[in-house]
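For reference, the structure discussed in these notes is given below.
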Amino acid sequence: MLLLSVLTACTIDAATKMDDDSSLAARQAFQAGDTLLKQGGAKNEVLAARYYKRAADMGSHWGHYKYGTMLLEGKGVAKDVPAAAQAFSTAAEQGNGWAQYQLGVLYLDGNGVPQDVPRGTALLGKAADQNISWAQYRLGDMYATGTGVPQDLTKARAYLEKSAAQDISYAQFALANLIMDKEPQRAKTLLQTAAAAGNQLAAKRLAQIAG
């Protein structure tokens, strides 16, 4: 759930992310929602949720995605995880990588939907193919530990390398642990980078190495 909360806090840059959306009106509604959300405050969150919903109703997959995050967090609307899953599903079917990631996590955890690890894994794979860094991290960690999938260290490293290159400190930490025995110096560098970004697990691992 920590990673989910981190991801839902991500801000989508409407100006660069919505060029494939359905209409100018949908883009304008989405951008209004983004502007209000960035301003902060409970009243603005309520209005932002309404604009995201309006964008979704006009066919914007980004509108569906962002409205889903509001429902998931209970921000500006009553928290409703099943409704969030439905919003993510609509966006995911339209190829939205972030929605594929979010929906995949919900299926992996059985949160708001019946637990379905194969489906969740497949959704993460689609998101990872679109270079969604958190999907790459989650898959890399799953393959590294054999959680929900057969352990495959080659796949684990491939996903973690991609995620770590996008400055995901959790991926840097996991990759460091994966290569520690064979590439200790690079592993230490990865841990230092992750620790400098505030990753306490990496800082603790560094202290253990130094000790």
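Expressed as a fraction of 2.2 N^0.38 Å, the C-alpha radius of gyration for region 87-127 is 0.97. Once you divide the Cα radius of gyration of region 25-124 by 2.2 N^0.38 Å, the number left is 1.04.
At the listed q of 0.16, 0.20, 0.23, 0.32 Å⁻¹, the Debye profile of region 28-77, built from one uniform point per Cα, gives log10 I(q)/I(0) equal to -0.32, -0.51, -0.67, -1.21.
The mean sequence separation of alpha-carbon pairs under 8 Å and at least six residues apart, normalised by the residue count of region 49-199, gives a relative contact order of 11 percent. From largest to smallest, the equivalent ellipsoid semi-axes obtained for region 86-211 from the alpha-carbon gyration tensor read 29, 14, 12 Å.
For Glu183, the solvent-accessible surface with a 1.4 Å probe is about 60 Å², rounded to the nearest 10.
The values are calculated or read from the model by the stated rules, or taken from the named source; none is laboratory data. Because the structure is predicted, anything quoted here is derived from the model rather than measured. Only protein heavy atoms, including side chains, enter the accessible area calculation; ligands, DNA and RNA are left aside. Shrake-Rupley method; radii C 1.70, N 1.55, O 1.52, S 1.80 Å.
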